[in-house]
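What follows is one structure encoded as structure tokens, with my remarks underneath.
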Amino acid sequence: MKIAFIGLGNMGGGMAANLVKAGHDVRAFDLSQDALNAAKSAGCAVFGSIEDAVSGVEAVVSMLPNGAIVKGVYSDSVIETAPEGSVLLDCSTIDVATAREVITAATEASYDMVDAPVSGGIAAANGGTLTFMVGGSDSAFARAKPILEAMGKAVIHAGDAGAGQTAKICNNMLLAITMIGTAEAIKMAEKLGLDPQKFYEISSQSSGYNWSLNAYTPLPGVGVESPADNNYAGGFATPLMVKDLRLAMEAAETADAAVPLGARAAALYEDFLGAGNEDLDFSAIIKTY
Ligand code: NAD
């Protein structure tokens, strides 16, 4: 299939390479020449504009930094430029309202479009093991699914337009809360004289079981191997967690949803980022206890 790929950064670069490996003819565009050079090495054809990249394609995939950029790219250069009837997949993490707005404009112009944000970081993007949570009509989902399957291990239809973004921000708000809760419990156990490894052994098999403790233990040398064992390098960077929490807080306000713990987690992560921890994995918040 002829697929245009827009935004070949940390995530998009590996995703586009996996589409090439699956036998697709990938036409890449990015504002960064370095990103385009890497895409070329991975087997993509590179273009000097989005308009050229989308010429003659059957599908367009984007992986961009934020909602304003996604809206600009689709309204200025994709909608009414990509061949009529092609399927459009935005995999960026953006606000729910913009995702719905862009999908509505695309649908009115007779495209099928989904929002398909991902769970999994750069390693999963490179390894083709992302989880996609997808919002859009049944027909748009059916067309997007085989393309997403070439880049991920799970593709889940969450609901109508924007449902993918909703799932993503609610999931990541929960992740922030469980990470902070896990950090507090481990450090309190330690201060009360309990060996943190013993606490891990007990709680990971008790009702304290949760992903942040069991699969991503935030203290070096305790529990499973995680970014904590690598000086909190790699993993899910703190600025990305803060981005997702800001989106979650914005969406909670729009929906009039009560999120006292989410709001507290968002404030703690804002402070942690503001203290100069932009290069650290989000689990490093345990250092503040
Ligand atoms: P990145 O900054 O590495 O890549 C974004 C790319 O988009 C860059 O190469 C940039 O040059 C390009 N770009 C920006 N504006 C453009 C435009 N107008 N036209 C064409 N290209 C443009 O970011 P990333 O880490 O790859 O993240 C991309 C998206 O994935 C974000 O929405 C992020 O929230 C989400 N995400 C990232 C991770 C992660 O671990 N990095 C995990 C899950 C989701």
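The values are calculated or read from the model by the stated rules, or taken from the named source; none is laboratory data. A quick note: this is a predicted structure, and the numbers were derived from the prediction, not measured. A quick note on method: Cβ atoms are made from the backbone with ideal geometry, for glycine too, and the neighbour counts reach across all protein chains shown. Accessible surface is based on the protein model in full, side chains and every heavy atom, while ligands, DNA and RNA are left aside. Shrake-Rupley method; radii C 1.70, N 1.55, O 1.52, S 1.80 Å.
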>> Using the Cα centre of the stretch 2-160 as origin and beta-carbon charges of +1 (Lys, Arg) and -1 (Asp, Glu), tell me which of Phe29, Gly152, Gly127 is placed farthest towards the positive end of the dipole.
In response: Gly127
> Once Lys and Arg get +1 and Asp and Glu get -1 on their Cβ, which of Tyr289, Leu175, Thr238 lies farthest toward the positive end of the dipole of the stretch 169-289?
Replying inline: Tyr289
> For the stretch 209-224, in order, what is each residue's ³J(HN,Hα) by Karplus, 6.51 cos²θ - 1.76 cosθ + 1.60 with θ = phi - 60°, in whole Hz (x at glycine and Pro)?
Replying inline: 2, 7, 4, 4, 7, 6, 10, 8, 3, x, 10, x, x, 10, x, 7
> In straight Cα distance, which lysines are under 21 Å from Lys198, not counting same-chain residues fewer than 8 positions off?
Replying inline: Lys187, Lys287
> Under 20 Å Cα-Cα from Lys243, which lysines qualify once same-chain neighbours fewer than 8 residues away are excluded?
Replying inline: Lys71, Lys168
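Over all directions, what mean area does the Cα convex hull of the chain project, stated in square nanometres?
Mean shadow area of the hull around the Cα atoms is 15.3 nm².
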>> Taking θ = phi - 60°, what integer Hz values does the Karplus form 6.51 cos²θ - 1.76 cosθ + 1.60 yield along the stretch 91-103, in sequence order, with x for Gly and Pro?
In response: 9, 5, 8, 9, 6, 4, 4, 5, 4, 5, 4, 5, 5
> Hey, what angle do you get for helix 260-274 against the long axis of the chain, alpha-carbon based, 0 to 90 degrees rounded to 10?
Replying inline: 90 degrees
> With labels modelled as points extended 7 Å from the Cα through the Cβ direction, what inter-label distance (nm, one decimal) is found for Glu253 paired with Ala68?
Replying inline: 1.6 nm
>> Need one number: % antiparallel among DSSP beta bridges in the chain, to the nearest 5.
In response: 15 percent
>> I need the phi-derived Karplus couplings for the stretch 155-164: 6.51 cos²θ - 1.76 cosθ + 1.60, θ = phi - 60°, integer Hz, Gly and Pro marked x.
In response: 10, 10, 7, 7, x, 6, 3, x, 5, x
> To the nearest 20 debye, what charge dipole does the chain have about its Cα centre, counting +1 at the Cβ of each Lys and Arg and -1 at the Cβ of each Asp and Glu?
Replying inline: 640 debye
> With every protein chain left in place, what is the accessible area per residue of the chain in square angstrom, probe 1.4 Å?
Replying inline: 45 Å²
> Which residue, chosen from Ala109, Gly208, Ala17, occupies the Cα position most advanced towards the positive end of the dipole of the chain, where the dipole is computed from +1 (Lys, Arg) and -1 (Asp, Glu) charges on Cβ about the Cα centre?
Replying inline: Gly208
> For the stretch 59-129 and the stretch 249-274, what is the separation of their Cα centres, given in Å?
Replying inline: 25 Å
> So what's the angle, to the nearest 10 degrees on a 0 to 90 scale, between helix 12-21 and the longest Cα principal axis of the chain?
Replying inline: 60 degrees
> Using a probe of 1.4 angstrom, how much of the accessible area of the chain is carbon and sulfur, in percent?
Replying inline: 54 percent
> Ordering Ser75, Ser212 from largest to smallest accessible area (1.4 angstrom probe), what's the sequence?
Replying inline: Ser75, Ser212
> Once you sort the root eigenvalues of the Cα gyration tensor of the stretch 166-288 as a ≥ b ≥ c, which label holds: rounded (a/c under 1.5), prolate (a/b larger than b/c) or oblate (the other case)?
Replying inline: prolate
>> Counting only helical runs of four or more DSSP H residues, what would the 222 nm mean residue ellipticity of the chain come to if each run contributes -39,500 (n - 2.57) and the total is spread over all its residues?
In response: -14000 deg cm²/dmol
> Accessible surface of Val118 in the full protein assembly, 1.4 angstrom probe, to the nearest 10 Å²?
Replying inline: 10 Å²
> Straight-line reach from Lys40: which aspartates and glutamates have Cα under 19 Å away, leaving out those fewer than 8 places along the same chain?
Replying inline: Asp25, Asp30, Glu51, Asp52
> Under a plain spin-label model, where a point goes 7 Å from the Cα along Cα-to-Cβ, how far apart in nm are Ser110 and Lys145?
Replying inline: 2.6 nm
